[in-house]
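Notes follow once the structure below has been shown.
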Amino acid sequence: MPSEDASLARTDLTGRTFQTTHWSVVLRVSDGRSPDAAQALEELCRTYWYPLYAFVRRRGCIHEEAQDLTQAFFAKLLEKNQISLADPERGRFRTFLLRSLENFLRTEHRDATAQKRGGGREVVSWDADLAAERYSSERADDASPTAVYERQWVAVLLESVLGALRQEFSQSGKAELFDQLEPHLWGDDSSTPYPRIAEALDITAVSVRVTVHRLRQRFHDLLRAQIANTVENVNDVEDELRYLRRLWAS
C-alpha cells in the first residue's frame with residue numbers, strides 16, 4: 001500500500017486524527033488480531049448500519065426480521081474475521097459491506113429464529129423504532145434494494161458530515177449561526193437572505209457571506225475526510241466523491 005495511505009490512517013484530509021475509524025486500518029490488519037482494526041470496523045459499522053437495514057427491508061423483510069438479519073450479519077462480520085475473506089473489490093467499504101451482506105443473505109435460512117441468528121444480541125447499537133419510522137417515511141418507489149442501499153449511504157454520509165460541522169460551530173458558541181447558514185450549503189432558494197441573517201444575529205452581511213464561504217469549504221473538507229475513512233487508498237477519494245455526487249444528484 002502506498003506510503004501516503006499509511007499516513008492517512010493517522011490523519012484525515014484536514015489534519016485531524018482518524019486512526020481508529022479508517023477502513024485502510026482494517027484492511028492492513030485483516031487477520032483480526034489488532035484492537036485498532038476491530039475498533040475501526042465496529043465504528044464504521046455503527047455509522048453505516050442504516051443503508052444495510054434499508055437494503056434488507058427493500059428485499060421484502062418486515063422491520064423485526066430486517067433488524068434480526070442485520071444484527072446477525074454484524075455479529076458474523078465482527079466476530080468471525082470475515083474481512084480476511086473480502087473479495088478483490090474490498091477497497092471501498094461501501095462495496096465490501098454490500099457484497100458481504102448479499103453473501104450472508106444468500107446463505108441465511110429465512111425461517112431461522114432470532115435466537116439462531118445471533119442470540120438476540122445487539123452487536124451494533126441503534127434505535128430500532130427510529131429505524132422503522134425512518135424507513136416508512138422514505139419515498140415510495142420501485143428502486144432496487146441496491147439503489148436504496150446506495151441512496152441511504154449518501155444520506156448517512158451527509159448526516160455524519162453535517163453533524164460534525166454543527167458540533168464544531170456549537171463548540172465555539174455559534175450553533176444558531178450554523179442553523180441559519182446550513183440551507184446556504186445547498187443553494188436553497190428558500191434560504192434566509194444574508195441581510196436578514198445579519199440583522200437577526202447582529203453581524204454584517206459581509207461577515208455572513210464570508211462565513212458561508214468558509215462553511216462550504218469546511219463542509220467539503222469534512223466530506224472528503226469522511227470518504228477517506230471508507231476507501232483503502234487516498235487516491236480513491238476523488239473517484240468515490242464523484243460517484244457519490246452522481247448518486248445524490250439523481
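The values are calculated or read from the model by the stated rules, or taken from the named source; none is laboratory data. Remember, it's a predicted structure, so these values are computed and weren't measured experimentally. Cβ: placed from backbone, ideal geometry, glycine included. Neighbour counts: every protein chain shown.
Values computed for the structure shown
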item	result
Failed condition for Arg218, given (1) in contact with a helix residue (DSSP H, G or I) (Cβ under 6 Å, 6 or more places away or on another chain); (2) surrounded by 14 or more Cβ atoms within 10 Å (Cβ to Cβ)	(1)
When residues of segment 121-167 are limited to those that are of a type in the set (Ser, Thr, Tyr) and within 17 Å of Ile62 (Cα to Cα), the one surrounded by the most Cβ atoms within 10 Å (Cβ to Cβ)	Tyr149
Residue that is surrounded by the most Cβ atoms within 10 Å (Cβ to Cβ), among those in segment 221-250 that are at pLDDT below 90 and closer than 24 Å to Arg46 by Cβ	Glu232
Count of residues meeting criterion [at pLDDT below 80, within 13 Å of Glu232 (Cα to Cα) and not small (Gly, Ala, Ser)] in segment 23-40	3
Single unsatisfied condition, Phe219 versus (1) closer than 20 Å to Arg151 by Cα; (2) without any contact (Cβ under 8 Å) to a residue 12 or more places away in the chain	(2)
Residue in segment 193-202 that is surrounded by fewer than 18 Cβ atoms within 10 Å (Cβ to Cβ), without any contact (Cβ under 8 Å) to a residue 40 or more places away in the chain and of a type in the set (Val, Ile, Thr) present	no
Any hit, segment 187-207, residues being touching a Pro at 6+ places or on another chain (Cβ under 9 Å) and hydrophobic (A, V, I, L, M, F, W, C)	yes
Segment 53-89, subset within 15 Å of Ala37 (Cα to Cα) and not in a helix (DSSP H, G or I), residue modelled with the lowest pLDDT	Ala86
